[in-house]
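Step one of this worksheet: look at the structure below.
Please treat every number below as a calculation from the coordinates, not as lab data. Source: prediction; values computed, not measured. Backbone-built Cβ (ideal geometry, glycine too); neighbour counts: all protein chains shown.
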Amino acid sequence: METALVVGGGIGGMATAISLCERGLVVQLVDIDPDWRVYGAGITITGPTLRAYRRLGMLDAIKSSGAITNKARLLRFDGTHIRDLDEPVIEEGLPATGGIMRPVLHRIMQSRVRELGIPVRLGLTVTALEQAGPKVNVTYSDGSTGSYDLVVGADSVFSGLRELAFPHMAPAVPTGQGCWRISIRRPPTLEMGEFYLGHDNPCGITICGPDAIYMWMLTPHQSREQHFTDEELFVTLKAQLADFGGHAGWIRDNMTPEDWINYRPLAAALQPRPWSNGRIVLVGDAVHATTPHLASGAGMAVESGIVLAEELARADSVAAGLAAYEERRFERCRDVIETSVSLGQLQLNHGSPQRFAELLEGALGRLNEPF
Ligand SMILES: Cc1cc2nc3c(=O)[nH]c(=O)nc-3n(C[C@H](O)[C@H](O)[C@H](O)COP(=O)(O)OP(=O)(O)OC[C@H]3O[C@@H](n4cnc5c(N)ncnc54)[C@H](O)[C@@H]3O)c2cc1C
């Protein structure tokens, strides 16, 4: 196998392109976004995600451009301190956990893609695929064509490639919750990431840089005809923070309409096997989309890209490599998705905090295992 096309230049697509290229393949990347941007949220980078980025040689860049820590703080929603948690270090020399702004992470990954000389074509998607023996013939949305030994669909939860090549798969299923996020300057006294408990709408803060944080809040999703306007986002999030104290209260009192605010209904899907069709294969949210409850979707996407390249490099045939990739990834992704969805259901049904803690700690412990 010599050539690969990766469709989707997000977290999973770039991790895959980098990993395949580092193992000697001639890789091409396409993304539908003509500007190859990412929205302005922060992202939590857990220990396992940091470990995956270390494999890609990006740990130092993430450490210097984001924020890392070994502790998290639990508070009651009114700001009463419950306790500080020591986050486990899962590999020597690896920070326990961290955060970074998505555009910064994107730039770090894009720099590596460019450093490796991977050609990137933007404003483009795939409109048709045809398997022709050991090749996949591709037609692009601008009418151009190409032929590759492998095509990887990394075009996220609404994957067009999945629709074209995987008829046994279905769109992700709404989970009944939505996630609010705001990116804002760092509250002056914030020392570590925080989780606010005991409210119907749980929220948390992740530090993403010297003066950058984001806060998330989960709420039951009310279906709406239209997206929120910027003003509605601002007013609604502020109102939803009315009962909160601590730094969540500080954010409510200091947020301005200029801060980046977003609301997104959550959906998840573990796609049924097989994850490949001939020489077409899926990675990331296209095949294992999860909710943010374990802050692990990006980590799973990066791991999948690495594992795909590793298994293809070591297998005797492409089919064996693709089967080994799926075998190594399926159960781990199933665990993340099923646990995340169960955590969301417990929140919606006002389930027992003890059950919530058990599920969360169990899954986080399993995620620390090698991938
Ligand atoms: C509210 C929320 C909060 C989250 N928080 C966290 C967190 O804190 N930590 C964490 O680890 N994970 C988090 N995640 C999950 C994480 O964002 C995703 O799992 C991760 O981005 C998946 O990577 P991906 O490459 O599959 O998709 P993406 O990163 O979304 O990239 C997909 C790329 O494909 C391109 N594309 C889309 N359609 C096409 C097409 N038809 N053709 C070509 N290109 C296309 C897009 O432009 C994009 O560049 C969160 C998710 C949500 C919804």
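Summary table
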{"quantity": "For Tyr39, Tyr263, Tyr214, Tyr325, order by how many other beta-carbon atoms lie within 10 Å, fewest first", "calculated": "Tyr39, Tyr263, Tyr325, Tyr214"}
{"quantity": "Aspartates and glutamates whose Cα lies under 15 Å from that of Lys135, excluding same-chain neighbours fewer than 8 positions away", "calculated": "Glu2, Asp149"}
{"quantity": "DSSP H segments from the chain that extend 24 Å or more along their own axis, Cα-based, with Kyte-Doolittle mean of -0.5 or above", "calculated": "297-314, 318-348"}
{"quantity": "Among Pro174, Pro119, Pro188, residue whose mean-square fluctuation peaks in a GNM of the chain (springs only between Cα atoms under 10 Å)", "calculated": "Pro188"}
{"quantity": "Note, ³J(HN,Hα) from phi for the stretch 266-278, Karplus 6.51, -1.76, 1.60, rounded to Hz, x at Gly and Pro", "calculated": "8, 9, 8, 6, 9, 6, x, 6, x, 8, 10, 9, x"}
{"quantity": "Separation in nanometres of the label points that stand 7 Å from Cα toward Cβ, at Gln222 and Asp253", "calculated": "2.7 nm"}
{"quantity": "Convex hull per residue volume in Å³, alpha carbons only, for the chain", "calculated": "134 Å³"}
{"quantity": "Karplus 3J(HN,Hα) series, Hz, for the stretch 56-63 with 6.51 cos²θ - 1.76 cosθ + 1.60 (x for Gly, Pro)", "calculated": "8, x, 10, 4, 5, 5, 5, 4"}
{"quantity": "Alpha carbon centroid spacing (whole Å) that separates the stretch 1-40 from the stretch 143-162", "calculated": "10 Å"}
{"quantity": "Ordering of 139-148, 245-254 by packing [mean C-beta count within 10 Å, highest first]", "calculated": "245-254, 139-148"}
{"quantity": "Percent of alpha-carbon pairs separated by more than 21 Å within the stretch 278-371", "calculated": "37 percent"}
{"quantity": "Placed amide H near Gly284: partners under 5 Å, 5+ positions off or other chain", "calculated": "none"}
{"quantity": "Nearest-0.05 FRET efficiency for Gln345 and Glu231, computed from C-beta distance (R0 30 Å)", "calculated": "0.40"}
{"quantity": "Whether the stretch 292-332 is rounded, prolate or oblate, judged on the alpha carbon gyration tensor where a/c under 1.5 counts as rounded", "calculated": "prolate"}
{"quantity": "Within the chain, percent of DSSP bridges classed antiparallel, to nearest 5", "calculated": "70 percent"}
{"quantity": "Built amide H within the under 5 Å cut-off of Leu197, gap 5+", "calculated": "Leu75, Arg76, Phe77"}
{"quantity": "Theoretical gain in end-to-end length, Leu74 to Phe158 [0.36 nm per residue, Cα-Cα removed]", "calculated": "26.8 nm"}
{"quantity": "Note, ³J(HN,Hα) from phi for the stretch 160-168, Karplus 6.51, -1.76, 1.60, rounded to Hz, x at Gly and Pro", "calculated": "x, 5, 4, 4, 6, 10, 10, x, 7"}
{"quantity": "Over the stretch 328-371, equivalent-ellipsoid semi-axes from the Cα gyration tensor in Å", "calculated": "22, 12, 4"}
{"quantity": "Histogram of C-alpha separations across the stretch 210-341, 10 Å bin width, %", "calculated": "11, 31, 24, 19, 12, 3, 0"}
{"quantity": "Radius of gyration and maximum dimension Dmax of the stretch 1-157, Cα, Å", "calculated": "19.0, 64"}
{"quantity": "Cα centroid separation, the stretch 258-274 to the stretch 311-334 (Å)", "calculated": "25 Å"}
{"quantity": "Extension gain from Arg273 to Arg314, taking 0.36 nm per residue of separation minus the Cα-Cα distance", "calculated": "12.6 nm"}
{"quantity": "Under the Debye formula (equal points on every Cα, no solvent term), log10 I(q)/I(0) of the stretch 164-275 at q = 0.10 Å⁻¹", "calculated": "-0.37"}
